[in-house]
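Working notes for the structure below.
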Amino acid sequence: MSDSHRLRVAVIIGSTRVGRFGPTVAEWVTAKARRRHNLDVDVVDLAETGLPDRLLDEDTTPPPAVRAVAGRLDRADAFAVVTPEYNRSFPAPLKTLIDWYSREWQAKPVTIISYGRDTGGLNATRQLREIFTELHATTVRDTVALADYWTYFSADGTWPKPTAECHAAVDTTLDQLVWWAVALRDARATAPYPA
């Protein structure tokens, strides 16, 4: 497949907390995505981006860290957001990332891979759907919710164990993400998105 037909997926690690589980989940999602011949993956780890937590006026030149991430988001055809659920919501650094940008999200698909206790992060997912809709992004219908994610470890310490149901769930959400990414990329190439 030619480079012009490959899709760029940004896998975003939404937690910056010490001891976070997000990188483990992101590594799993990234490995699944990289097995597909038509995907290039860019992992955007919010613990490493250095995004300021204070937004600037719109007419102010953004700092270098903001410009660097803007380029990565702009080049992406689709997004896979990995988020925990903290206090029935998602982490503040993830909201900061979302709020720094606007056009970069428009007319692109987003899937959410959440993790947490009994809900698996579904409260965070619900709220993120509302926010991405406001930004003119399309959220994929089928997401991945990892309830009690610590129970997915195999005896040898690998995660997730081969029998975990989440393997089928991530395949489905990636299938849908790819479908929407192709459709929306073609649409953006035909006509600018009317925002």
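Need pairs with beta-carbon distance below 6 Å; first residue within 9 Å of Ala107 (Cβ to Cβ) and within segment 184-195, second modelled with pLDDT of 95 or more and of a type in the set (Gly, Ala, Ser); sequence gap 6+ or separate chains.
Correct list of pairs: Leu184/Ala107; Arg188/Ala107; Tyr193/Ala107.
Say whether the condition of being more than 30 Å from Ala191 (Cβ to Cβ) and out of contact with any Leu (no Cβ under 8 Å at 6 or more places or on another chain) is met by at least one residue in segment 98-118. Talk me through it step by step, then tell me what you get.
So the first thing to find is which residues in segment 98-118 are more than 30 Å from Ala191 (Cβ to Cβ), and the list is 113-118.
Still in the list and also out of contact with any Leu (no Cβ under 8 Å at 6 or more places or on another chain): 117-118.
For segment 98-118, residues more than 30 Å from Ala191 (Cβ to Cβ) and out of contact with any Leu (no Cβ under 8 Å at 6 or more places or on another chain): present.
Taking segment 48-94 on its own, how many of its residues are among the charged types (D, E, K, R), closer than 25 Å to Arg20 by Cα and under 12 Å from the mean Cα position of the chain (by Cα)?
To start, the set of residues in segment 48-94 that are among the charged types (D, E, K, R) comprises 48, 53-54, 57-59, 67, 72, 74-75, 77, 85, 88.
Filter once more, so that each one left must be closer than 25 Å to Arg20 by Cα: 48, 53-54, 72, 85, 88.
This time we only want the ones that are under 12 Å from the mean Cα position of the chain (by Cα), so: none.
Within segment 48-94, residues that are among the charged types (D, E, K, R), closer than 25 Å to Arg20 by Cα and under 12 Å from the mean Cα position of the chain (by Cα) number 0.
From Arg141, Arg129, which residue is surrounded by 15 or more Cβ atoms within 10 Å (Cβ to Cβ), within 18 Å of the chain's Cα centre (by Cα), at pLDDT 95 or above and among the charged types (D, E, K, R)?
Details: Arg141 fails: surrounded by 15 or more Cβ atoms within 10 Å (Cβ to Cβ).
Result: Arg129 is the single residue among Arg141, Arg129 that is surrounded by 15 or more Cβ atoms within 10 Å (Cβ to Cβ), within 18 Å of the chain's Cα centre (by Cα), at pLDDT 95 or above and among the charged types (D, E, K, R).
Taking segment 166-181 on its own, how many of its residues are more than 16 Å from Val41 (Cβ to Cβ), out of contact with any Pro (no Cβ under 7 Å at 6 or more places or on another chain) and either of a type in the set (A, V, I, L, M, F, W, C) or buried (at least 21 other Cβ atoms within 10 Å of the Cβ) (or both)?
Result for segment 166-181: 3.
Just wondering, is there one or more residues in segment 121-133 that are farther than 28 Å from Val18 by Cα, part of a helix (DSSP H, G or I) and free of Cβ contacts under 8 Å to residues at least 12 places away in the same chain? Walk me through how you get there before you give the answer.
Initial filter on segment 121-133 (farther than 28 Å from Val18 by Cα): 133.
Then keep just the ones that are part of a helix (DSSP H, G or I); that gives 133.
If we keep only those that are free of Cβ contacts under 8 Å to residues at least 12 places away in the same chain too, we end up with 133.
Within segment 121-133 (the criterion being farther than 28 Å from Val18 by Cα, part of a helix (DSSP H, G or I) and free of Cβ contacts under 8 Å to residues at least 12 places away in the same chain), the answer is yes, since at least one residue qualifies.
Considering each of Ala26, Ala47, Ala68, Ala31 in turn, give the residue that is within 19 Å of Ala145 (Cα to Cα) and surrounded by 13 or more Cβ atoms within 10 Å (Cβ to Cβ).
Working: Ala47 fails: within 19 Å of Ala145 (Cα to Cα); Ala68 fails: within 19 Å of Ala145 (Cα to Cα); Ala31 fails: surrounded by 13 or more Cβ atoms within 10 Å (Cβ to Cβ).
Answer to the selection: Ala26.
Could you run through segment 4-22 and say how many residues are surrounded by fewer than 21 Cβ atoms within 10 Å (Cβ to Cβ) and in a strand (DSSP E or B)? Don't jump to the end; show me each part of the working.
Our first condition is that a residue be surrounded by fewer than 21 Cβ atoms within 10 Å (Cβ to Cβ); within segment 4-22, this holds for 4-8, 16-21.
Checking which are in a strand (DSSP E or B) leaves us with 7-8.
The number of residues fulfilling the criteria is 2.
Condition first: exposed (fewer than 13 other Cβ atoms within 10 Å of the Cβ) and either under 15 Å from the mean Cα position of the chain (by Cα) or at pLDDT 95 or above (or both). Can you find one or more residues in segment 103-115 that meet it?
Residues of segment 103-115 exposed (fewer than 13 other Cβ atoms within 10 Å of the Cβ): none.
No, there is no match, as no residue in segment 103-115 is exposed (fewer than 13 other Cβ atoms within 10 Å of the Cβ) and either under 15 Å from the mean Cα position of the chain (by Cα) or at pLDDT 95 or above (or both).
Here is a check on your reading of the model: is Trp159 closer than 20 Å to Arg35 by Cβ, aromatic (Phe, Trp, Tyr) and not in a loop (DSSP other than H, G, I, E, B)?
Working: closer than 20 Å to Arg35 by Cβ: yes; aromatic (Phe, Trp, Tyr): yes; not in a loop (DSSP other than H, G, I, E, B): no.
No: the conditions fail for Trp159.
Of these, Val41, Val66, which one is at pLDDT 95 or above and either among the acidic types (Asp, Glu) or touching a Ser or Thr at 6+ places or on another chain (Cβ under 6 Å) (or both)? It would help to see each step written out before you state the result.
Details: Val66 fails: either among the acidic types (Asp, Glu) or touching a Ser or Thr at 6+ places or on another chain (Cβ under 6 Å) (or both).
Just a single option satisfies the conditions, and that option is Val41.
The values are calculated or read from the model by the stated rules, or taken from the named source; none is laboratory data. Computed from a prediction, not measured in an experiment: that's the story for all the values here. Counting neighbours? That spans all protein chains shown, and the Cβs are built from the backbone with ideal geometry, glycine included.
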